[in-house]
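Following: one structure in structure tokens, then a few remarks.
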Amino acid sequence: MILTRKETPKDYTEVHALIKEAFSRATYSDGKEHTIVDSVRNSESFIPELSLVAEIDGSIVGHIMFSLATVGRERVVVLAPLSVKPEFQRRGVGKALVNEGHKNAKTLPYPYIFVLGSKAYYSQFGYTPANHFGVKAPEGIPQENFMAIKIQEQAEPLRGTLVYAKEFGI
């Protein structure tokens, strides 16, 4: 059974290693995801309620982080990264983390979540191309893999380019 919970400081070392391992085989990775997470945790863009781990039998097998970004003056959330230990991939860990993250995010005042990733994977959660919401990807990011989901029904339409937290280096 997969247990999801809020990440705590005592998890940081284990999560750092997990992220590094999870992205070591990824096709589209610069190998810096673990250092980005470390930097975001120490920044104003960190949202502690949206940094989650997944456990199976008491061991951490997955991690997800959502952090603050902006589109114009509107504060929004970015999902990045989602990490699952290779031997636990394709077993529902990532899905459990995304679903729990969305549930928690709906209790916060942010209207949209953005993600750069696989259209085939993230569309199962309701993500659609971000340009449907009037938002462009930052320069150098492929628009076709830049998606969003509206999490607050009353959210106003957006217009502009997403600006990631400076810790992402984008």
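The values are calculated or read from the model by the stated rules, or taken from the named source; none is laboratory data. This one's a predicted model, so the numbers in the text were calculated from it and none came from an experiment. Cβ coordinates were reconstructed from backbone atoms using ideal geometry, including for glycine residues, and neighbour counts include every protein chain displayed.
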Q: Mind listing whichever residues of segment 8-25 are modelled with pLDDT of 95 or more and charged (D, E, K, R)?
A: K10, D11, E14
(Q) Could you go through segment 109-132 and let me know if any residue there is exposed (fewer than 15 other Cβ atoms within 10 Å of the Cβ), β-branched (V, I, T) and assigned to a strand (DSSP E or B). (A) yes
Q: For G169, state whether it is surrounded by fewer than 16 Cβ atoms within 10 Å (Cβ to Cβ), small (G, A, S) and in contact with a helix residue (DSSP H, G or I) (Cβ under 8 Å, 6 or more places away or on another chain).
A: yes
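Taking the stated definitions as given, is T70 of a type outside the set (A, V, I, L, M, F, W, C), in contact with a strand residue (DSSP E or B) (Cβ under 7 Å, 6 or more places away or on another chain) and either within 18 Å of K150 (Cβ to Cβ) or assigned to a strand (DSSP E or B) (or both)?
It is true that T70 is of a type outside the set (A, V, I, L, M, F, W, C), in contact with a strand residue (DSSP E or B) (Cβ under 7 Å, 6 or more places away or on another chain) and either within 18 Å of K150 (Cβ to Cβ) or assigned to a strand (DSSP E or B) (or both).
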Q: Please work out which residue is surrounded by the most Cβ atoms within 10 Å (Cβ to Cβ), limiting yourself to segment 35-94 and to residues that are within 10 Å of the chain's Cα centre (by Cα) and among the small types (G, A, S).
A: S83
Q: Please name all residue pairs, on different chains or six or more residues apart, with Cβ atoms under 7 Å, provided the first residue is in segment 121-140 and is farther than 9 Å from T161 by Cα and the second residue is part of a strand (DSSP E or B) and β-branched (V, I, T).
A: Y122/V115; F125/I149; G126/I149; Y127/V115; Y127/I149
